[in-house]
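A quick write-up on the structure given underneath.
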Amino acid sequence: MTFRNSAIKSVDVLFNRFGKTARLIFADETEAEALVIHRLPDTVTDAFDARVHSETDMFEVRLSDIPNAKTLQSIVLDSKRYTMQGEPVKDQHNLILKVDAYAVESSY
C-alpha cells in the first residue's frame with residue numbers, strides 16, 4: 001500500500017468519525033452534499049486593554065468531494081449558511097481543503 005492510499009484511508013476515517021453532512025454551494029450556483037469538519041470559531045483574545053473576538057469559523061472539506069474546476073462559495077450546515085472568506089488552502093498532501101467562513105443570515 002502506498003503512502004497516498006494510507007493517507008486517503010486516514011482522511012476518510014477522520015471525516016466519517018467527526019464530519020457532519022453539509023450542502024456545498026459553488027460559484028456557479030450548483031450544489032453538492034459532503035461531509036465537512038466544522039472547527040469552532042476563534043477564541044476571544046486579549047490585546048493590551050482590548051478583548052478581540054473573531055467570528056470566523058473554519059471548515060475542512062475533502063477535495064475528493066469537490067468536483068474539478070468548481071469554486072466553493074458557501075457551506076450550509078445545520079440550517080446556517082457560511083460564506084467563504086479569503087482563499088482556501090490545500091493541505092500538503094492535496095487531500096483536504098481548509099476554508100475560513102463567516103455565518104450570514106439566511107432562510108435555509
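The values are calculated or read from the model by the stated rules, or taken from the named source; none is laboratory data. What you are looking at is a predicted structure, and each value in this text was computed from that prediction instead of being measured. Please note: Cβ atoms are built from the backbone with ideal geometry, for glycine as well, and neighbour counts cover all protein chains shown. SASA here: full protein model, heavy atoms, side chains in, ligands and nucleic acids out. Shrake-Rupley method; radii C 1.70, N 1.55, O 1.52, S 1.80 Å.
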**Report entry** Single residue of region 1-13 satisfying the filter (open to solvent by less than 60 Å² (accessible area, probe 1.4 Å) and not β-branched (Val, Ile, Thr)) that is nearest to LEU63 (Cα to Cα)
**Finding:** ASP12
Query raised in the report: Taking region 70-82, which residues are outside any strand (DSSP E or B) and either open to solvent by 80 Å² or more (accessible area, probe 1.4 Å) or under 15 Å from GLU105 (Cα atoms) (or both)?
Result: THR71, ASP78, SER79
Query raised in the report: Between a first residue in region 1-16 that is among the β-branched types (Val, Ile, Thr) and a second residue that is modelled with pLDDT of 95 or more, which pairs have beta carbons less than 7 Å apart while being 6 or more apart in sequence or on different chains?
Result: ILE8/LEU95; VAL11/ARG62; VAL11/LEU95; VAL11/ILE96
Query raised in the report: What about ARG39, is it open to solvent by 50 Å² or more (accessible area, probe 1.4 Å), modelled with pLDDT under 95 and within 10 Å of the chain's Cα centre (by Cα)?
Result: yes
Report task. Consider only pairs whose beta carbons are under 8 Å apart and that are at least six residues apart or on different chains; among these, list those whose first residue lies in region 83-105 and is under 18 Å from LEU14 (Cα atoms) and open to solvent by 50 Å² or more (accessible area, probe 1.4 Å) and whose second residue is outside any loop (DSSP other than H, G, I, E, B) and small (Gly, Ala, Ser). Result -> HIS93/ALA7
